[in-house]
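The values are calculated or read from the model by the stated rules, or taken from the named source; none is laboratory data. All of these numbers come straight from a predicted model, not from anything done at the bench. When we count neighbours, we look across all protein chains shown, and the Cβ atoms used for this are built from the backbone with ideal geometry, even at glycine.
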Amino acid sequence: MVLEFRNAGIYCPAGDFYIDPWRPVDRALITHGHADHARWGHARYIATEAAAPVMRHRLGDIAIRTTGYGTEHRIGDATVSFHPAGHVPGSAQIRVEVGGEIWVVSGDYKTVDDGLSEAFEPVRCHAFITESTFGLPIYSWPDEATLRAELNGWWAATAAAGQVAVLGVYALGKAQRILRLLDPAIGPILTHGAVEGTNAVMRAQGIALPDTVPVTAETDRKAFPGAMVLAPPSALGTPWMRKFGAVSTGFASGWMRLRGVRRRRAADRGFVVSDHADWDGLNAAIAATGAERVFVTHGYTAQFSQWLRAQGYDAGVVETEYGGESLDEAEGEPQTGAATDG
């Protein structure tokens, strides 16, 4: 096998490296900067040039080597290259070739071009390691134009009612994607510190984002009538919210496709948007690889692998510690043991 599934993560014996390991290792190739894939404690990291800044922001002073998309590297007896995954800026699929056999680790991915992340590119391979965060037919995403209209319609109505709109979004990826869909003519856009810290990193990389105002202890809501506030989901419903007075809350997540989840979150609005592939996207991505073997790592693993087998794939489930998409995780905040640089 080109890759093995070990207690520390996905391992390549020919190159003596791991991909997105969840235990400390000597050499870790990282698909992207979310906390369940890029963890603190590895001796050496390799990631794309676009992923490295946010990894340093989150993990501190790490030893990281960067690479461009499509550049081949020889590591031991393995040939490795990184290819766009479309998940968040800098995210990658990692192609590993040993003795003419090619495996691809997708990390997290989506097939729709959101205009922010580098667009997903299928990579031909013999074996494909895929997520299945939303691996059921019920999950399908609206197009960007529909999402834009829904977001701005809710914000405008909230502002007209004299309320502040507070939207729960991941600090890395989804926050910036939503930010680019908002209409600044409606009102000011405020950001939680976790979101603003990631915004600053991306702006320094040359990624264009609308102007935002960081929320601080001194923030007076009266100075920002009709504002939109972007915050990690974990901040909603906490004392941090009191400074905004009357609010309307929303969540932006693929889980908003399920009515029961929207009710449990007690949000005023749910927006169906995800940085993961929906059902059609997963199936299209796998078909485009030409792979005969498929390993399903996280999400609806049992259901999706069963579906793939019915379609003729040699498919199975691999247990990992990847988290997919959560409504509660304050994604993008520094991990324990990491430097807190903002």
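Remarks
- Residue list for region 77-87, filter: closer than 15 Å to Ile19 by Cα and of a type in the set (Gly, Ala, Ser): Ala78, Ser81, Ala85
- Options Arg74, Arg56; residue that is under 19 Å from the mean Cα position of the chain (by Cα), charged (D, E, K, R) and assigned by TED's automatic domain parsing to the domain that holds Ser106: Arg56
- Listing of strands (runs of 3 or more DSSP E) fully contained in region 212-322 that carry 3 or more residues being over 30 Å from Met202 (Cα atoms): 293-299, 314-317
- Only listed residue being within 22 Å of the chain's Cα centre (by Cα) and of a type outside the set (Gly, Ala, Ser), chosen from Asp275, Asp314: Asp275
- Residue match in region 188-205 (condition: assigned by TED's automatic domain parsing to the domain that holds Trp155, farther than 23 Å from Ala51 by Cβ, under 20 Å from the mean Cα position of the chain (by Cα) and not in a loop (DSSP other than H, G, I, E, B)): no
- Taking residues in region 285-306 that are farther than 17 Å from Tyr322 by Cβ, and partners anywhere that are assigned to a strand (DSSP E or B) and of a type in the set (Gly, Ala, Ser), the pairs with Cβ atoms closer than 7 Å and at least 6 places apart or on different chains are Ala291/Ala127; Arg293/Ala127.
- Filter result for Ala204 (out of contact with any strand residue (DSSP E or B) (no Cβ under 8 Å at 6 or more places or on another chain), surrounded by fewer than 22 Cβ atoms within 10 Å (Cβ to Cβ) and modelled with pLDDT of 95 or more): yes
- Single match in Val112, Val166 (criterion: of a type in the set (Val, Ile, Thr), closer than 30 Å to Phe224 by Cα and either in contact with a Gly (Cβ under 8 Å, 6 or more places away or on another chain) or not in a strand (DSSP E or B) (or both)): Val166
- If you filter region 100-117 down to residues that are touching a strand residue (DSSP E or B) at 6+ places or on another chain (Cβ under 9 Å), more than 17 Å from Asp275 (Cβ to Cβ) and of a type outside the set (A, V, I, L, M), you find that the one that is surrounded by the fewest Cβ atoms within 10 Å (Cβ to Cβ) is Glu101.
- Any hit, region 40-49, residues being surrounded by fewer than 22 Cβ atoms within 10 Å (Cβ to Cβ), more than 19 Å from the chain's Cα centre (by Cα), over 28 Å from Ala194 (Cβ atoms) and among the basic types (Lys, Arg): no
- Within region 137-153, being surrounded by fewer than 16 Cβ atoms within 10 Å (Cβ to Cβ) and farther than 30 Å from Gly226 by Cβ holds for Pro137, Ile138, Ser140.
- Residue pairs whose Cβ atoms lie under 7 Å apart, sitting 6 or more positions apart in sequence or on different chains, and linking a residue in region 247-258 that is within 14 Å of Arg177 (Cβ to Cβ) to a partner that is basic (Lys, Arg), are Ala252/Lys174.
- Residue in region 28-38 that is over 18 Å from Asp275 (Cα atoms), crowded, with 18+ Cβ neighbours inside 10 Å and hydrophobic (A, V, I, L, M, F, W, C) present: yes
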